[in-house]
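*Asks:* Sharing a structure below in structure tokens format, with a few things to ask.
The values are calculated or read from the model by the stated rules, or taken from the named source; none is laboratory data. These numbers were taken from a predicted model, which means no experiment stands behind them. Cβ atoms come from the backbone with ideal geometry, glycine included; neighbour counts cover every protein chain shown.
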Amino acid sequence: MLSKSLINEVLDAALSTGADFAEVFLENTEDKYIQMVDNAIHRIQGSTVCGMGLRIYKGLRTVYGSTGDLSPNGVLSLARNVAGVFSDAPTTQRTEFAERIPANISPVKIVSSSISNKRKIDLVRKANDAARAYNSEISQVQTTYLDTDRRFWIANSEGLYTADRQIRTRLSCSATASRGSENQSGFYGPGRQAGLEVFLEQIDPADIGREAARIAMVNINAGYCKAGQYPVAIENAFGGVIFHEATGHSLEATQVAYGVSEFCGKIGQLVANPKVTAIDDGTIPNAWGSINIDDEGRPGQRNVLIENGVLKSYMIDTFNARRMEGFKPTGNARRQNFSFAPTSRMTNTYIAPGTDSDEDIIGSIEYGLYAKNMGGGSVNPAT
């Protein structure tokens, strides 16, 4: 997108007023979104995000700016504006880049953005029709297809120059079952960091529609649960989501570095049942949250956050590592897009297998709940 010589000029200009670090982030992302509602295509939408982000540090002071004007005048003007916040003498000479090519852990067979809308609509329709046919009480179906083709380049004043391409594809279905005045919904939406081969060769779109409808029918046929406090057996999928929300966000440096997490200062302490080992792993091939490199150019990592109940680590980006003495970045930096500075975020979070059998877990509960799945959640990391 920009020549190395121009990127070097940008970094020089950014460092010209005394910053001790400068970083350029370039992005070109294409998204495709197709939605079917009530048996008809409701929306076909494509978008492109293209631009440059620039940030500088001086100690614990940081400045970030971005532009969609990638002409030499546009990017150099941004660099001068960002640098204008500081007013000290420059301390850094011209950067010598050492280019790095990241290993690809998520191979793509069929690049989704290269395939026609017609083939994608066929997949959407297949999921929609299967959900409709599942039961006569399925009254509404909404099916959505999404693919993202994200290319980005990172260069910084420490000599890093690297780039990557992330391709993600997802097909989801939401079905509503109706009986009298009652409506209940079901949702299923698998996705991968992979191409269209996910739904042409691996996952049948009809199975997605049927699963969404099945969940809706389970819900509309369900009885009521008595109010009260009960033990809960948590299945894998639900366990991953509840760990992500209730614990994962509180272990991100976004919260920890500013003292607004309940886990601040507790490294080495028992924070969970000794049966619990919790992991954030960006190195699982083709998983939705996996990365070859994060949005600061560091390779993805497998970070053991809690081991046998003991807090071992946080998820840390570069700037927050500066605020957290004794800690290093962990490959967890992420940006919403080029116009946002990176911060710490999870990749793939899960609780590692324990030593208890499913039968023993269920058998230990005289009367309680079995939570197989959930759709989402939210959290206050401070509490």
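*Asks:* Looking only at residues in the range 76-135 that are acidic (D, E) and either assigned to a helix (DSSP H, G or I) or assigned by TED's automatic domain parsing to the domain that holds N286 (or both), which one is farthest from M217 (Cα to Cα)?
*Replies:* In this case the residue turns out to be D122.
*Asks:* Additional query: Going by the structure shown, is A14 assigned by TED's automatic domain parsing to the domain that holds T143, over 20 Å from I293 (Cβ atoms) and crowded, with 21+ Cβ neighbours inside 10 Å? Outline the logic, then answer.
*Replies:* Numbers: assigned by TED's automatic domain parsing to the domain that holds T143: yes; over 20 Å from I293 (Cβ atoms): yes; crowded, with 21+ Cβ neighbours inside 10 Å: yes.
Answer is yes for this residue.
*Asks:* Right, something else. So which of I220, I284 ends up being outside any helix (DSSP H, G or I), in contact with a strand residue (DSSP E or B) (Cβ under 9 Å, 6 or more places away or on another chain) and at negative phi?
*Replies:* Working: I220 fails: outside any helix (DSSP H, G or I).
Every option except I284 fails the conditions.
*Asks:* Now a separate question. Could we say that E211 is outside any strand (DSSP E or B), assigned by TED's automatic domain parsing to the domain that holds K32, at pLDDT 95 or above and within 30 Å of E359 (Cβ to Cβ) here?
*Replies:* Working: outside any strand (DSSP E or B): yes; assigned by TED's automatic domain parsing to the domain that holds K32: yes; at pLDDT 95 or above: yes; within 30 Å of E359 (Cβ to Cβ): yes.
In short, yes.
*Asks:* Is it the case that the range 235-245 has a residue that's touching a Gly at 6+ places or on another chain (Cβ under 9 Å), farther than 25 Å from E137 by Cβ and in a strand (DSSP E or B)?
*Replies:* Our first condition is that a residue be touching a Gly at 6+ places or on another chain (Cβ under 9 Å); within the range 235-245, this holds for 241-242, 244-245.
With farther than 25 Å from E137 by Cβ added as a condition, the list becomes 241-242, 244-245.
From what is left, the residues that are in a strand (DSSP E or B) are none.
The answer is no, given that none of the residues of the range 235-245 is touching a Gly at 6+ places or on another chain (Cβ under 9 Å), farther than 25 Å from E137 by Cβ and in a strand (DSSP E or B).
*Asks:* Could you grab the pairs with beta carbons closer than 6 Å, sequence gap of 6+ or different chains, first residue in the range 147-176 and on the phi < 0 side of the Ramachandran plot and in the same structural domain as Q45 (by TED's automatic domain parsing), second one among the hydroxyl-bearing types (S, T, Y) and outside any strand (DSSP E or B)?
*Replies:* D147/S112; D149/S113; S157/T92; S157/T95; T169/S112
*Asks:* Another question about this same structure. Of all the residues that make up the range 297-317, how many are buried (at least 22 other Cβ atoms within 10 Å of the Cβ) and either over 18 Å from S250 (Cα atoms) or hydroxyl-bearing (S, T, Y) (or both)? Before the answer, list the steps.
*Replies:* Taking the range 297-317 first, the residues buried (at least 22 other Cβ atoms within 10 Å of the Cβ) are 297-298, 300, 303, 305-306, 314-317.
Narrowing the set further to residues that are either over 18 Å from S250 (Cα atoms) or hydroxyl-bearing (S, T, Y) (or both) leaves 297-298, 300, 314.
Result for the range 297-317: 4.
*Asks:* Is one or more of the residues making up the range 238-247 in the same structural domain as T349 (by TED's automatic domain parsing) and touching a helix residue (DSSP H, G or I) at 6+ places or on another chain (Cβ under 9 Å)?
*Replies:* As a first pass, look at the range 238-247 and keep what is in the same structural domain as T349 (by TED's automatic domain parsing): 238-247.
From the residues that got through so far, the ones that are touching a helix residue (DSSP H, G or I) at 6+ places or on another chain (Cβ under 9 Å) too are none.
No, the conditions are met nowhere in the range 238-247.
*Asks:* Sticking with this one: Do the conditions hold for V37, that is, is it in the same structural domain as Y145 (by TED's automatic domain parsing), among the hydrophobic types (A, V, I, L, M, F, W, C) and surrounded by fewer than 19 Cβ atoms within 10 Å (Cβ to Cβ)?
*Replies:* Details: in the same structural domain as Y145 (by TED's automatic domain parsing): yes; among the hydrophobic types (A, V, I, L, M, F, W, C): yes; surrounded by fewer than 19 Cβ atoms within 10 Å (Cβ to Cβ): yes.
Yes.
*Asks:* Where the second residue is assigned to a helix (DSSP H, G or I) and of a type in the set (G, A, S) and the first is within 17 Å of D31 (Cβ to Cβ) and lies in the range 181-198, which pairs have Cβ atoms under 8 Å and are six or more apart or on separate chains?
*Replies:* Taking only residues 6 or more apart or on different chains, the pairs are G195/S112; L196/S112.
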